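Here is the structure we will look at.
Each reported figure results from applying straightforward, stated rules to the coordinates on display, with no laboratory input. Fair warning: this is a prediction, and the values are worked out from it, not measured in the lab. In this analysis, Cβ positions are derived from the backbone assuming ideal geometry, glycine residues included, and neighbour counts consider all displayed protein chains.
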Amino acid sequence: VIEMDDLRARFRALDDLPVPDLWPTVQRRVAVLEREGSPMPVAVRPLKQTAGARDVRRRPALALAALVVLVAAALIGAALLAGSWFDRNLEISPDPSTAPVSLIGCSEARAAAARTAEGWIAGRPGPTSDARPGWLALWGTEQVPEVVLVHPTTGVRCSLVRFPGHAAPLPVPQPESGSRDWIPFRGPLAWSPDGSALSIVVIDEDGRRQDVYVWSRAGLAGPLLSVDGSASFQPPTWSPDGDHLAVVRNRSNLGPNGPAIVAIAAADGSVRELPVDCANCYGGPIVWSPDGSRSALAAEVNNFAPEPDDHGIAVARVDDDRLGILPFTEEVAAGSLLVGWEDDQRVLLADPEAGQFIGLPVDRPDRPVALRPLRLGESSGIVALSPDRSMWASIQGQGASLLITWIDDGRIRRLARVPEFALVGWAPDGRSVAYLIDEQIDEQGLWIVDLDGEPRRLSDEPLALAKEQFWPPAMAWQPVWTGDR
Amino acid sequence: MDAVAVLNNQSSVEAVYRADAERLWRAIFAYAGDADVATDAVAEAYAQVLRRGTAVRDPAAWTWRAAFRIAAGVLKARRSDPPLSATVEHVDRYADPDLLAALRKLPDGQRAAVVLFYYGDLPIAQVAERLGTSRLAVRANLTRGRRRLRELLGDRDG
């Protein structure tokens, strides 16, 4: 933290640079623009639907091969689960005396990851009252990308799956022991609503190739989607029933983007694509409505040379062929954040300037509704909204504290001292917050803190937590339930 | 827009310019490493915001975003052999020449994220918004950019 403050101080030296007065130049340029006519960039306009729906059922040869692989994998998997050498020699498994009941154990999870699947198996979450934390999914730090599971109670670590095809040399020589000096950049992970499937975005070390996989008890499906360096994925999000996975694809940054594309993968492994209704835009992650019938994303709809109303919410029914833009009105500031859905008819926005949560009816976007107060307090760096939307966790910049703010009355509680870039996620029951410190400092590792407790370190191994700090996140933390579901 | 509205708009944009343009110019200079690029990008951004009139809701934010994108476009066009203008060494003497030299060795994405975060004092979400990229990418660029700066500037700096 002190080092970062030093860097800020050095940047402040820029304030001594002499700057020319450009106002006369600005006025001359305006006169030229007026003579030439409007240089306005392209306006928002409908697009033709792009091709790209991928239906594996139309590929009989592939389907037959997949069937053979599935049958073979099922036989192998059955042997593994019956107590084979592989199962007996897993290096780590949770201690059943201390671990909560989990939907799937380490050995079973790992055996499933060894199988190839066309799609996945996932479902709706069970009753939340009995929710207890299960596995945290994180990336390891080795040259070969590796997803590991860490138990939030015991700290037990379990290797789930590795991706040797995405290995790349680390740019910095690593010490043989102690903190690593380089933690690879990996892609987002997201558990399905019932915690039985995990979406995995594997990113090469150079950040160019990105592949989307889904792990479940059916096996490892994918890559379901891929991009090269000309585009990137937003973190995938699951439909409430776990049957669909939506991934937004944008062209690369710092230039015209073209339309954002929403790819929706179904549990059978098929994929269809919906363009966002703009010629040049950038989309955030998809947010599903409670019943899963609609999806929304925050879109910057004219990215390269932004228009005044250059932000909006793109909304569509899942069976539509594109996502239409609901432009912001005077009553809804362009700085509003897409939080989720108030109900199946209204998108839920947070407007920090107005201090309000706002409901935006999808059929009457010109009539936004002020819902309830939004109190940010002093916490400007919002990183994670709690599962019940009553609190958020944030990291205050300089001084670097992990803070919890209660939205209804603005109360703030300081939970821990953390570096500025620590990654944060809520437990599914909203009673704990996990955070990962990947700075090369003594506190490096994975930590967990109850809202009324002290921080405890789950692992001092440097783990790269691969969940983006977007709002609202659902950190890759598997919810599990005791008893029958 | 009628004449009165035009004048009002010009006054309000000029007020934003007087309050913010120097800081924006320095940020673009740190990003582009070229005073001419900074001058062109900032002037073009303010000219564009004037042309759009009162329809731009937040001229200050708009001009930062537009100026960075204009500068990025110029740098991209020059990619083969980016010439530094003759003013660079001159203006570096007023600032922190080691820092500016180190910044020039960062890739575009890392440099933009570092400048907007550390000099622009913007949170990660706004850095991402203004660069048209994801917060995950901004965070990665900040982490890598800072590490690279640490290597280039020595242990005493971050």
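Data table
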item	result
Residue order, fewest to most surrounding Cβ atoms within 10 angstrom, among A:PHE328, B:PHE29, B:PHE68	A:PHE328, B:PHE68, B:PHE29
Environment charge at A:ARG364 (Cβ cut-off 13 Å; Lys +1, Arg +1, Asp -1, Glu -1)	-1
Relative exposure of B:TYR118, A:TYR282, judged by other C-beta atoms within 10 Å (fewest first)	B:TYR118, A:TYR282
Test item: B:119-126 mean partner chain Cβ contacts at 10 Å	5
Fewest-first sequence of B:ASP98, A:ASP409 by Cβ atoms within 10 Å of each Cβ	A:ASP409, B:ASP98
Peptides A:385-395, A:225-235 ordered by average Cβ neighbours within 10 Å, highest first	A:385-395, A:225-235
Counted charge near A:LEU149, where neighbours are those whose Cβ lies closer than 12 Å (Asp, Glu -1; Lys, Arg +1)	0
Peptide-level mean, for B:28-34, of C-beta atoms on other protein chains within 10 Å	1
Neighbouring partner chain Cβ atoms per residue of B:62-73, average, 10 Å criterion	3
